[in-house]
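Here is the structure we will look at, set down as structure tokens.
The values are calculated or read from the model by the stated rules, or taken from the named source; none is laboratory data. Bear in mind the structure is a predicted one, so any value in this text is a computation, not a measurement. Cβ placement follows ideal geometry from the backbone for every residue including glycine, while neighbour counts extend to all protein chains displayed.
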Amino acid sequence: MKWANDQLNELKNNYAYYISHKKEAEEYFDMDWYLIHQKALNLKIPSMKINKKCGVFLGCYVAERMLSYIFKDVKRMPNGNRGFDFICNKGFKIDVKSSCIHKNNNYAFAIKKNKIADYFLCIGFDNREDLNPQHIWLISSDAIINNKKVRNMIGIVIPNTVKSLAKYSKYELSDKLKETIECCTTLKNNKGENL
């Protein structure tokens, strides 16, 4: 079968999404998932489930999946949903952000002046290889940080120092950190197949 250029571009740009939405892929490409998957393999399009260097691996595959296991009764939005990733059981829109410790010893979470989300769930990991959660913060979009509402910020940078971590302790979900660690352990042990 000959693939049209727009189909190839769609596959390259959205293969990670289609892995979790196979029926949607079959409808869009009008073919069996096996053929779609084989084409992606032939094009060497890596799955975010196995490619830890992929930009969406940490955010979509790890952090967003963890939230749905840690918090009960949340409605998960499709990958790429604008402005937020979940709606909690109280109707709040939650945007999940993740960061590994950077070389300059801080966590950086991209907010991008998001005025849609009600809360930002920020998960700080040690590194992409080990994926050990270190911190989990739930920050309201109305919170004031550095004299600005979070919703008006480009990003939040949290230095990994005792003083800075203490400043953000009011947002930290220490009780959820243990569950987050357990979820990550399961994710690593199962290679993500059951999540």
Write out, first by first residue and then by second, each pair whose Cβ atoms fall under 7 Å of each other, whose residues are 6+ apart or on separate chains, and whose first residue, in region 20-35, is charged (D, E, K, R) while the second is not in a helix (DSSP H, G or I).
-> GLU26/ASP32
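In this structure, is THR186 under 20 Å from PHE84 (Cα atoms) and modelled with pLDDT under 85?
Working: under 20 Å from PHE84 (Cα atoms): no; modelled with pLDDT under 85: yes.
So THR186 fails the test.
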Restricting region 164-178 to residues that are in contact with a strand residue (DSSP E or B) (Cβ under 6 Å, 6 or more places away or on another chain) and farther than 14 Å from ASN106 by Cα, the one surrounded by the most Cβ atoms within 10 Å (Cβ to Cβ) turns out to be TYR171
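Every residue in region 123-141 that is under 19 Å from LYS90 (Cβ atoms) and part of a strand (DSSP E or B), please. Spell out how you get there, then give the answer.
Initially, region 123-141 is screened for residues under 19 Å from LYS90 (Cβ atoms), giving 136-141.
Hits for region 123-141 are ILE136, TRP137, LEU138, ILE139, SER140.
Is it true that ASN114 is more than 15 Å from the chain's Cα centre (by Cα) and either among the β-branched types (Val, Ile, Thr) or farther than 26 Å from VAL74 by Cβ (or both)?
no
Being among the hydroxyl-bearing types (Ser, Thr, Tyr), over 22 Å from ASN81 (Cα atoms) and at pLDDT 85 or above: is that true of TYR34 here? Walk me through how you get there before you give the answer.
Values: among the hydroxyl-bearing types (Ser, Thr, Tyr): yes; over 22 Å from ASN81 (Cα atoms): yes; at pLDDT 85 or above: yes.
Answer is yes for this residue.
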